[in-house]
């Protein structure tokens, strides 16, 4: 087992693909903390401790998860439904925090995570407990909202059949993602110190965007009839939100009564991200995986109950009979998707 490959995976596609949700949680808790200080009239320079607390608890949580997965295998793996619920819950939390930062209504102050009173009493400084509790709690909870690359690492930990190897795999992967998350946390803290009130508005808009896109991704994976793309489709001006490459229109080949569609799974989406097929005629969908995948390493067709893990540099084939209408194939987090329109 080459641990360097696992580390580099976390350092590159792993960190980027997890940044949408997990990075949004880190940025939102630091921004919310800054907003509380401004309301309280506190003007002290923040440290990097909240970011380190987030990364430390995340690392420990994934070590434990890897140990469990290596010991008991897929029996303890989260279901797709549970992951979708957690992703949507995290997205709603980010949206509520953003609305608080933008001063939409005082009620949104209650969305900010606070430590219980008994925990505050256990430490000498109540402000310190507030500084560290929220990022530490969210860091541990990130195991419930894994990105596509993390899911691939979890499958690798399961296949190891060893609790120590499973913990090592997940630990090394999370260490690989740490520099990008640390950079985000440090940048958020520095901006907060430098711009204060102006920073809150900027952070509010950024966190709101992350929350909405994450919520939309969860709805896409859940097979919801209402997503940003369906809303865009119903508008007079057609807008594509699938995140795919510039090559939109795909083609199909018909042979022996079967429609054959080739779609490339890349780190930044699927290409093509739109193809027209015939309803009621069997489809053979060939997913051609590139060397780097990220979120696209997990492919779902929610409306048909199809789920498939992709392996880099291989071709995975999915066969189904399409009903009339639009069929959405998506990655595990709904960040990228391909539309197959059956007519």
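Descriptive notes on the structure:
- Residue exposure sequence - 172, 104 - by fewest surrounding Cβ within 10 Å: 104, 172
- Fewest neighbouring Cβ atoms within 10 Å first, the residues 9, 188, 317 line up as 317, 9, 188.
- Given their separation in residues at 0.36 nm each and the Cα-Cα distance between them, residue 48 and residue 164 gain 38.7 nm when the chain is fully extended.
- Between residue 205 and residue 38, full extension at 0.36 nm per residue minus the direct alpha carbon distance yields a gain of 58.3 nm.
- Each of 182, 173 has some number of other Cβ atoms within 10 Å of its Cβ, and from fewest to most they run 182, 173.
Throughout, read-outs are computed from the coordinates displayed, never taken from laboratory work. Predicted model only: the values in this text are computed from it and were never measured. With ideal geometry, Cβ positions are generated from the backbone for all residues, glycine too; neighbour counts draw on all protein chains shown.
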